[in-house]
Amino acid sequence: MREVIDRDCKFEVLTWNDDEAKAVYRHTASHILAQAVLNVFPTVQLAIGPSIENGFYYDFDFKTPITQQDFEKIEAEMRAIIKADLPIERKVVTRKEAEAMIKKMKQNYKMELLADIPEGEEISFYTQGDFVDLCAGPHLSSTGKVKEFKLTSLTGAYWRGNEKNKMLTRIYGTAFDKKAELEEYLKKLEEAKMRDHNRLGRDLGFFMTDENVGQGLPLIMPKGARIIQLMQRFVEDEEQKRGYLLTKTPIMTKNNLFITSGHWDHYKDKMFYIGEEGVDDEILALRPMTCPLQFTIYKNGLKSYRDLPVRYAETATLFRKEASGEMHGLTRVRQFTLSDGHIVCTPDQLEQEFETALDLIKYLIDVLGLNNDVSYRFSRWDPQDADKYVGTADDWNKVESTMEQILGDLGVEYETGWGEAAFYGPKLDVQAKNVHGKEDTMFTVQIDFALADRFDMIYIDENGEKQRPLIVHRSSIGCYERTFALLIEKYNGAFPLWLSAEQVRVLSLTDRTIDQAKAVTKELAMAGIRAEADVRSEKLGKKIREAQLEKVNYILIIGDKEAEQGLVSVRHRSEGDLGTMTVADFKAKVLLETAERRKDK
């Protein structure tokens, strides 16, 4: 509102209901946080403090570590700064003036940030009281405009996201215009923490980590392994129905293949490999993807246009060198399992094959119950950073126009992600947010115009001429671990019947019914139902509570009466007591519900 309008412009009033306004509001809150921390800890070094979705953060370099117990005094200082209603003033300076100001501030990270500002670009500082920060802005007019805030968490973050740099302390917070909105958000935040797969998955015995195994290398425990196995069998059977040919390729290969594909130039820093260039005769790399290996299979024998499309699929264990600061639970790991696949086709077949690949993904999304949880992004190249990609501008313009037309024909609604394409072609990414609002790519379909040429892949057309095929890269259910994490949070650990590791728990009411409980469990297991018996000498109430806490779908209780009559008393985890029925009727019920893959069971 203080901006001097001295030229023709577009003028628009922003209120709290506008995302841009929320960003300015929360960016101001991050500066208030930085000023408060500097007041409480005068030796701290300040890094960066942007607004983010639903909040803000600021990175600090403390002389001595702090904990969340320090939040109380930091928040008290923030409230004092807000109460003082300090005017926030912007000042544009020259580079020389900026250097002098930062030297006076004794803030080393700010000098690095200043060096990153291109020559000729405006340099600005914001001042509130005795606090000064290098910042492009914009901000509110005074600190008193911030009404409600809360510091929410504390974590480590490498300076500039580079694990080779120093680990800083990141303080997260949020800010709202009204107290009721803040309280509602904090309530949702607590609910999100309860549903976080990293907590829930461990509590339910789905996976664990161990420092002796290594960061980003989760151990999938029996229950979690069973669920991933069910997903894998389902996907592989569905892919077979749709004409995919199963491959099984080595997890380790000579790096020559990745030099040919271009991954060695564009992706080497993300790869694990054995050997050193210029020293060892042979360098072996753990595969980060299967593309070059499946392309090698394609080249085994000359292909005619009549043989195309060829669809390869593989449940592939892959390896990527993720930075330690980026890894989290099952969503970002160093070893993972991908439903990898490649379709080799003629240009005329491209749209149909893209559609069938997307149809498979949509089908799996529907069966998993994720229809309302995903969005689509058309990831394109960045012509301003052409060195990241292979091919010419004409190549990219042509293939992106083709993909744009395909998406239009299919009626796919999407956002555009500039600069997010693979180095060999554009892609359609299927995105999903975790309980904390962080977005990840779950599934993808990519058009590849370059690698067939690099690998000298050909087919013979109807005129007997050699032609280059096009390639569609796709991951039908994505990374199993990441999709598993999403499902844990989606269902709060209470998986649908068809996907549950333990569908039924059979409880003996007394020691006299132990044998019958074991016999019923064995009968269910022989029918393909995942059942476990609980024949401990514990009170029935305790057994039921434990089964419910472990999210078991059905609980069968066998007392003397049930054992005598050949019945079971049935309880459902959400529907409660369903009465008694014969084992045969219950078995038929569970098998039918499993076959139908109901989402509400």
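What's the total number of residues in the stretch 86-107 that are closer than 18 Å to Ser30 by Cβ, surrounded by 14 or more Cβ atoms within 10 Å (Cβ to Cβ) and either out of contact with any Gly (no Cβ under 7 Å at 6 or more places or on another chain) or among the charged types (D, E, K, R) (or both)? Going through the stretch 86-107 one residue at a time, the tally reaches 5.
Condition first: free of Cβ contacts under 8 Å to residues at least 12 places away in the same chain and over 21 Å from the mean Cα position of the chain (by Cα). Now tell me which residues in the stretch 213-236 satisfy that.
We begin by selecting, within the stretch 213-236, every residue free of Cβ contacts under 8 Å to residues at least 12 places away in the same chain; these are 213, 225, 229, 233.
The answer is Val213, Arg233.
With respect to (1) farther than 25 Å from Leu200 by Cβ; (2) touching a Lys or Arg at 6+ places or on another chain (Cβ under 8 Å); (3) surrounded by fewer than 18 Cβ atoms within 10 Å (Cβ to Cβ), the lone exception for Ile557 is condition (3).
Report yes if some residue within the stretch 372-393 is β-branched (Val, Ile, Thr), closer than 24 Å to Arg242 by Cβ and either within 17 Å of the chain's Cα centre (by Cα) or at pLDDT 95 or above (or both); otherwise report no. Yes, some residue in the stretch 372-393 is β-branched (Val, Ile, Thr), closer than 24 Å to Arg242 by Cβ and either within 17 Å of the chain's Cα centre (by Cα) or at pLDDT 95 or above (or both). Only one of the listed residues (Asp359, Asp387, Asp366, Asp348) is loosely packed, with under 15 Cβ neighbours inside 10 Å, under 16 Å from Ile471 (Cα atoms) and out of contact with any Asp or Glu (no Cβ under 9 Å at 6 or more places or on another chain). That residue is Asp348.
Of the residues making up the stretch 581-601, those that are surrounded by 11 or more Cβ atoms within 10 Å (Cβ to Cβ) and part of a loop (DSSP other than H, G, I, E, B) are Arg597, Arg598, Lys599, Lys601. Just so you know, in the stretch 202-245 the residues that are surrounded by fewer than 16 Cβ atoms within 10 Å (Cβ to Cβ), of a type in the set (A, V, I, L, M) and out of contact with any helix residue (DSSP H, G or I) (no Cβ under 8 Å at 6 or more places or on another chain) include one that is nearest to Ala357 (Cα to Cα), and it is Leu245. Out of all the residues in the stretch 243-256, is one or more among the charged types (D, E, K, R) and farther than 30 Å from Pro469 by Cα? The answer is no; no qualifying residue exists.
If you go through the stretch 384-401, how many residues are assigned to a helix (DSSP H, G or I) and closer than 13 Å to Lys427 by Cβ?
Taking the stretch 384-401 and keeping what is assigned to a helix (DSSP H, G or I), we get 384-388, 393-401.
Now narrow it down to the ones that are closer than 13 Å to Lys427 by Cβ: 396, 399-400.
Summing the residues that are assigned to a helix (DSSP H, G or I) and closer than 13 Å to Lys427 by Cβ in the stretch 384-401 gives 3.
Filter the stretch 450-485 down to residues that are aliphatic (A, V, I, L, M) and in a strand (DSSP E or B) and give me whichever is nearest to the chain's Cα centre (by Cα).
Here is the first cut: in the stretch 450-485, the residues aliphatic (A, V, I, L, M) are 450-452, 457-458, 460, 470-472, 477, 485.
Okay, now just the ones that are also in a strand (DSSP E or B), so 460, 470-472, 477.
Values: Ile460: 41, Leu470: 29, Ile471: 25, Val472: 22, Ile477: 13 Å.
Result: Ile477.
For the stretch 240-299, which residues satisfy the criterion of being of a type in the set (S, T, N, Q), closer than 18 Å to Arg454 by Cα and part of a loop (DSSP other than H, G, I, E, B)?
Keep residues of the stretch 240-299 that are of a type in the set (S, T, N, Q), which gives 240, 247, 249, 253, 255-256, 260-261, 290, 294, 296.
With closer than 18 Å to Arg454 by Cα added as a condition, the list becomes 253, 255-256, 260-261, 290, 294, 296.
Result: Asn255, Thr290.
Selection within the stretch 312-330: residues that are of a type in the set (A, V, I, L, M, F, W, C) and under 17 Å from Thr253 (Cα atoms). The member of this set that is surrounded by the fewest Cβ atoms within 10 Å (Cβ to Cβ) is Leu318. Please work out which one of (1) surrounded by 13 or more Cβ atoms within 10 Å (Cβ to Cβ); (2) closer than 18 Å to Ala157 by Cβ; (3) modelled with pLDDT under 95; (4) of a type in the set (Lys, Arg) is the condition Arg26 fails and give its number. In the conditions (1) surrounded by 13 or more Cβ atoms within 10 Å (Cβ to Cβ); (2) closer than 18 Å to Ala157 by Cβ; (3) modelled with pLDDT under 95; (4) of a type in the set (Lys, Arg), Arg26 misses (3) alone. Checking each residue in the stretch 246-270 for being loosely packed, with under 14 Cβ neighbours inside 10 Å, more than 25 Å from the chain's Cα centre (by Cα) and in contact (Cβ under 8 Å) with a residue 40 or more places away in the chain picks out Leu246, Lys248, Pro250. Tell me, yes or no, whether the stretch 53-61 has at least one residue that is over 21 Å from Leu134 (Cβ atoms), at pLDDT 95 or above and surrounded by fewer than 18 Cβ atoms within 10 Å (Cβ to Cβ). No, the stretch 53-61 has no match at all.
Between Phe125, Phe149, which is under 30 Å from the mean Cα position of the chain (by Cα) and either assigned to a loop (DSSP other than H, G, I, E, B) or surrounded by 20 or more Cβ atoms within 10 Å (Cβ to Cβ) (or both)?
Working: Phe125 fails: under 30 Å from the mean Cα position of the chain (by Cα).
Unique residue meeting the criteria: Phe149.
Regarding the stretch 406-425, can at least one residue be identified that is touching a residue at least 60 places away in the same chain (Cβ under 8 Å), within 27 Å of the chain's Cα centre (by Cα) and crowded, with 21+ Cβ neighbours inside 10 Å?
yes
Every residue, every condition in (1) of a type in the set (Ser, Thr, Tyr); (2) under 30 Å from Thr209 (Cβ atoms); (3) not assigned by TED's automatic domain parsing to the domain that holds Leu38, yes or no:
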{"site": "Met111", "(1), (2), (3)": "no, no, no"}
{"site": "Glu122", "(1), (2), (3)": "no, no, no"}
{"site": "Thr127", "(1), (2), (3)": "yes, no, no"}
{"site": "Leu134", "(1), (2), (3)": "no, no, no"}
{"site": "Leu168", "(1), (2), (3)": "no, yes, no"}
{"site": "Asp177", "(1), (2), (3)": "no, no, no"}
{"site": "Glu181", "(1), (2), (3)": "no, no, no"}
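Looking at Glu523, Glu489, Glu502, can you tell me which residue is out of contact with any Asp or Glu (no Cβ under 9 Å at 6 or more places or on another chain) and either farther than 18 Å from His572 by Cβ or not in a strand (DSSP E or B) (or both)? Matching residue, one of Glu523, Glu489, Glu502: Glu523.
Restricted to the stretch 535-554, and to residues that are part of a loop (DSSP other than H, G, I, E, B) and touching a helix residue (DSSP H, G or I) at 6+ places or on another chain (Cβ under 8 Å), which residue is nearest to Gly201 (Cα to Cα)? Before the answer, list the steps.
Of all residues in the stretch 535-554, those part of a loop (DSSP other than H, G, I, E, B) come to 535-539, 550-553.
If we keep only those that are touching a helix residue (DSSP H, G or I) at 6+ places or on another chain (Cβ under 8 Å) too, we end up with 535-537, 553.
Numbers: Val535: 26, Arg536: 25, Ser537: 28, Asn553: 17 Å.
Here the answer is Asn553.
Residues that are surrounded by fewer than 21 Cβ atoms within 10 Å (Cβ to Cβ), closer than 20 Å to Ala494 by Cβ and in contact (Cβ under 8 Å) with a residue 24 or more places away in the chain occur in the stretch 537-547; there is at least one.
Could you run through the stretch 500-532 and say how many residues are touching a residue at least 24 places away in the same chain (Cβ under 8 Å), over 14 Å from Leu567 (Cα atoms) and under 37 Å from the mean Cα position of the chain (by Cα)? Quick ask: steps written out before the conclusion?
Going through the stretch 500-532, the residues touching a residue at least 24 places away in the same chain (Cβ under 8 Å) turn out to be 500-513, 516-517, 520, 523-524, 527-532.
From what's left, over 14 Å from Leu567 (Cα atoms): 500-505, 510-512, 527-532.
Adding the requirement that they be under 37 Å from the mean Cα position of the chain (by Cα) leaves 500-505, 527-532.
Final tally of qualifying residues: 12.
Here Leu578 qualifies as out of contact with any Ser or Thr (no Cβ under 6 Å at 6 or more places or on another chain), part of a strand (DSSP E or B), within 23 Å of Phe495 (Cα to Cα) and free of Cβ contacts under 8 Å to residues at least 12 places away in the same chain.
The values are calculated or read from the model by the stated rules, or taken from the named source; none is laboratory data. Given the structure is predicted, the values throughout are model-derived calculations rather than measurements. Methodologically, a virtual Cβ is constructed for each residue, glycine included, from the backbone with ideal geometry; neighbour enumeration extends over all protein chains shown.
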